[in-house]
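Let me begin by presenting the structure, written as structure tokens, before commenting on it.
The values are calculated or read from the model by the stated rules, or taken from the named source; none is laboratory data. The shown structure was predicted, so the numbers you read here are calculated from the model rather than taken from an experiment. Methodologically, a virtual Cβ is constructed for each residue, glycine included, from the backbone with ideal geometry; neighbour enumeration extends over all protein chains shown.
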Amino acid sequence: MQLLKERILKDGTVKPGSILKVDSFLNHQMDIPFINEIGKEFKNRFADSPITKILTIEASGIGIACIVAQYFGVPVVFAKKAQSLNLDGEMYTTKVQSFTHKKVYDVILSKKFLQPEDHVLIIDDFLANGCALQGLIEIVETAGATLEGAGIVIEKGFQHGGDALREKGIRVESLAIVDSMSDDSLTFRD
């Protein structure tokens, strides 16, 4: 998606440790008209899939997932990284290691929101090593639901998480794939 690549080059910054900050438009401050274009693009890419649920993980994927969901006319459900008092009933659980936070989270999702008849599209802002995505896929599989694919806004291709998932036969559609990052440059896969 050329519009996304241009925005990353204009407003993104690279931090040590292969961190790409896009917080001015994607995952801290959100440029809604821009994210609306992202939602349209995911709808176009997955138009052939019978999506019934959009699944993401808290927190920065939620806003993007909501905009995508409006194009499919389906609900968003998100996996939580912490147990809270308002969660009740049976839960799907898995462990997910965060690349950015260098922490392992117990991720939970209420079983009442994901059923075997669901056709799931996972949406997230970033894909690096693929740990979060793999955790969400595990939840979908445990639920007996059908995984239609994963829509990723920015994939760090040099960290190979997306390649490993594609090798397993999982449909991963990334709008921008960063092949290399240094303090003063980014290169994208075509």
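Specify the residue that is surrounded by the most Cβ atoms within 10 Å (Cβ to Cβ); the eligible residues are those in the range 143-169 that are more than 15 Å from the chain's Cα centre (by Cα) and among the aliphatic types (A, V, I, L, M).
Going through the qualifying residues, I end up with A143.
Given the conditions (1) closer than 26 Å to I38 by Cα; (2) touching a Pro at 6+ places or on another chain (Cβ under 8 Å), and given that V140 satisfies all but one, which numbered condition is not satisfied?
(2)
Among the residues of the range 1-58, which ones are in a helix (DSSP H, G or I), free of Cβ contacts under 8 Å to residues at least 40 places away in the same chain and farther than 16 Å from F188 by Cβ?
Of all residues in the range 1-58, those in a helix (DSSP H, G or I) come to 2-11, 32-45.
Then keep just the ones that are free of Cβ contacts under 8 Å to residues at least 40 places away in the same chain; that gives 2-3, 6-7, 10-11, 32-37, 39-40, 43-44.
Listed by number, the residues that qualify are I32, P33, F34, I35, N36, E37, G39, K40, K43, N44.
What number of residues within the range 1-47 are of a type in the set (S, T, N, Q), in contact with an Asp or Glu (Cβ under 8 Å, 6 or more places away or on another chain) and surrounded by fewer than 17 Cβ atoms within 10 Å (Cβ to Cβ)?
Going through the range 1-47 one residue at a time, the tally reaches 2.
The rows are residues; the columns are (1) hydroxyl-bearing (S, T, Y); (2) more than 15 Å from the chain's Cα centre (by Cα); (3) within 16 Å of I177 (Cα to Cα); (4) at pLDDT 95 or above.
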{"position": "T13", "(1), (2), (3), (4)": "yes, yes, yes, no"}
{"position": "G17", "(1), (2), (3), (4)": "no, yes, no, no"}
{"position": "Q29", "(1), (2), (3), (4)": "no, yes, no, no"}
{"position": "P33", "(1), (2), (3), (4)": "no, yes, no, yes"}
{"position": "K40", "(1), (2), (3), (4)": "no, yes, no, yes"}
{"position": "K43", "(1), (2), (3), (4)": "no, no, no, yes"}
{"position": "F46", "(1), (2), (3), (4)": "no, no, no, yes"}
{"position": "S49", "(1), (2), (3), (4)": "yes, yes, no, yes"}
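If you check A164 against the conditions, is it in a helix (DSSP H, G or I), out of contact with any strand residue (DSSP E or B) (no Cβ under 9 Å at 6 or more places or on another chain) and within 27 Å of K40 (Cα to Cα)?
yes
Specify which of the listed residues (R189, R171) is at pLDDT below 95 and not β-branched (V, I, T).
After ruling out the rest, the residue left standing is R189.
Whether any residue in the range 175-189 is in contact with an Asp or Glu (Cβ under 6 Å, 6 or more places away or on another chain), assigned to a loop (DSSP other than H, G, I, E, B) and without any contact (Cβ under 8 Å) to a residue 40 or more places away in the chain is what I want to check.
Checking the range 175-189: at least one residue is in contact with an Asp or Glu (Cβ under 6 Å, 6 or more places away or on another chain), assigned to a loop (DSSP other than H, G, I, E, B) and without any contact (Cβ under 8 Å) to a residue 40 or more places away in the chain.
Has the range 74-95 got any residue that is touching a Lys or Arg at 6+ places or on another chain (Cβ under 8 Å), modelled with pLDDT of 95 or more and assigned to a helix (DSSP H, G or I)?
The answer is no, given that none of the residues of the range 74-95 is touching a Lys or Arg at 6+ places or on another chain (Cβ under 8 Å), modelled with pLDDT of 95 or more and assigned to a helix (DSSP H, G or I).
Looking at V172, V140, which is the one that is closer than 14 Å to T56 by Cβ, of a type in the set (A, V, I, L, M, F, W, C) and surrounded by 14 or more Cβ atoms within 10 Å (Cβ to Cβ)?
Details: V172 fails: closer than 14 Å to T56 by Cβ.
Exactly one of V172, V140 is closer than 14 Å to T56 by Cβ, of a type in the set (A, V, I, L, M, F, W, C) and surrounded by 14 or more Cβ atoms within 10 Å (Cβ to Cβ), namely V140.
When you scan the range 108-150, how many residues do you find that are in contact with a strand residue (DSSP E or B) (Cβ under 9 Å, 6 or more places away or on another chain) and in a helix (DSSP H, G or I)?
Here the count works out to 15.
State yes or no: is D125 within 25 Å of G17 (Cβ to Cβ) and of a type outside the set (V, I, T)?
It is true that D125 is within 25 Å of G17 (Cβ to Cβ) and of a type outside the set (V, I, T).
Say whether the condition of being farther than 23 Å from P16 by Cα and β-branched (V, I, T) is met by at least one residue in the range 164-185.
Within the range 164-185, one or more residues are farther than 23 Å from P16 by Cα and β-branched (V, I, T).
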